[in-house]
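To start, the structure itself, in structure tokens.
The values are calculated or read from the model by the stated rules, or taken from the named source; none is laboratory data. Nothing here was measured: the structure is a model prediction, and the numbers come from that model. All Cβ positions, glycine included, derive from the backbone under ideal geometry; neighbour counts span all protein chains shown.
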Amino acid sequence: MIKYFITRLLLLIPMVLLVNFLVFLALEITPGDPVSAMFSPEMIAFVSEAEMEALRDNLGLNDPFIFRYLKWLGRFLKGDMGYSMITGMPIKDIIYSLLPATIRLALAALLISTIMGLLFGIICSVKQNTWMDYFFSVFGVIGVSVPEFFIGIISIMVFAINLRWLPAQGRTDIGLNAIQSLRFLILPALSLGFLLTAALTRYTRNSMLDVLNKNYVKTARAKGLPEWKVYFKHAFRNSLMPISVLICVRLPMIISGAVIIEQVFGYAGIGTRLLNAVNNNDYQLVLVIIFMMAVVSLFASMLIDIITAMLDPRVRIGAGLNGGR
């Protein structure tokens with residue numbers, strides 16, 4: 001297992017470098033001038049073309065593409081992420097100040113959706129063809145079909161405007177304890193986790209029903225085991241592999257969905273800062289944030305392979321046979 005993990009980790013290195021290069025290339029061919037975005041419409045009328053060109057030279061924007069990429073990659077590997085072209089702040093400071101908020105939002109959404117999705121899916125499989133099964137099945141279809149921003153808007157209208165239970169927008173930790181600041185996290189986390197909850201409910205139900213029809217489950221029932229032990233010890237444990245794969249696959253979607261949810265709720269995180277950077281042509285900051293999101297997707301892919309290998313030893317055996325050929 002350790003050998004398999006090391007192999008997957010080593011394969012991740014060239015993939016990360018390839019993604020890094022492709023992101024840099026995509027921003028290179030994207031229309032827009034980052035130097036022009038540094039000035040307001042009122043100020044740019046007083047800046048001559050020669051001054052603009054001199055500023056491009058100072059920033060290295062006139063250097064050949066491959067030279068700029070290798071220079072940026074070398075600084076990045078040393079921990080130097082560069083500076084925002086718009087604000088002049090070190091990108092490292094921007095990331096460190098906003099990333100914890102996005103991580104809290106993503107983990108809260110993942111935790112809520114995992115608990116609720118597994119619970120609803122088990123209920124559907126145990127209460128098959130009852131009103132509870134039909135209710136959560138309809139909930140699953142609606143949840144998969146509705147985008148995050150619509151769920152966020154409905155949540156604001158119901159729980160913030162009409163019921164006034166939770167704040168509609170904003171995020172602040174200044175002068176608040178953990179319980180008070182949690183109020184700003186609940187609605188964004190529930191809205192972000194709604195899609196995964198619905199999908200996980202359907203997957204858990206179908207996976208559980210498939211396992212319940214296996215012969216070893218029928219044998220367990222024939223031996224007189226209690227129903228709760230049949231469901232949880234035999235059915236649920238053996239249906240975990242497709243469920244765990246789904247959770248890992250949805251992890252990058254939660255990170256990308258945070259971009260939309262943060263904008264809807266005015267939640268100050270990496271997602272909100274990314275949209276502002278895109279609108280202002282702040283290429284350096286966009287490059288770093290998108291690259292970080294791509295790395296999360298690659299790690300999620302590796303995590304899927306590792307979990308699958310842990311739950312199914314045949315994967316490790318197959319990898320070893322393929323490596324020996």
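Give the range 79-90 a look and list any residue that's at pLDDT below 85 and either in a helix (DSSP H, G or I) or of a type outside the set (Asp, Glu) (or both), or say none.
Scanning the range 79-90 gives Gly79, Met81, Gly82, Tyr83, Ser84, Met85, Ile86, Thr87, Gly88, Met89.
Of the conditions (1) assigned to a helix (DSSP H, G or I); (2) exposed (fewer than 15 other Cβ atoms within 10 Å of the Cβ); (3) free of Cβ contacts under 8 Å to residues at least 40 places away in the same chain, Val141 fails just one. Which one is it?
So Val141 meets the others, but not (3).
Tell me whether the range 97-112 contains one or more residues that are touching a residue at least 40 places away in the same chain (Cβ under 8 Å), of a type in the set (S, T, N, Q), surrounded by 13 or more Cβ atoms within 10 Å (Cβ to Cβ) and not in a helix (DSSP H, G or I).
no
Identify all residues within the range 85-97 that are more than 14 Å from Val286 (Cβ to Cβ), within 18 Å of the chain's Cα centre (by Cα) and among the hydrophobic types (A, V, I, L, M, F, W, C); write none if there are none.
Selection gives nothing.
Mind checking whether some residue in the range 177-186 is basic (Lys, Arg), assigned by TED's automatic domain parsing to the domain that holds Ser137 and either at pLDDT 75 or above or outside any helix (DSSP H, G or I) (or both)?
yes
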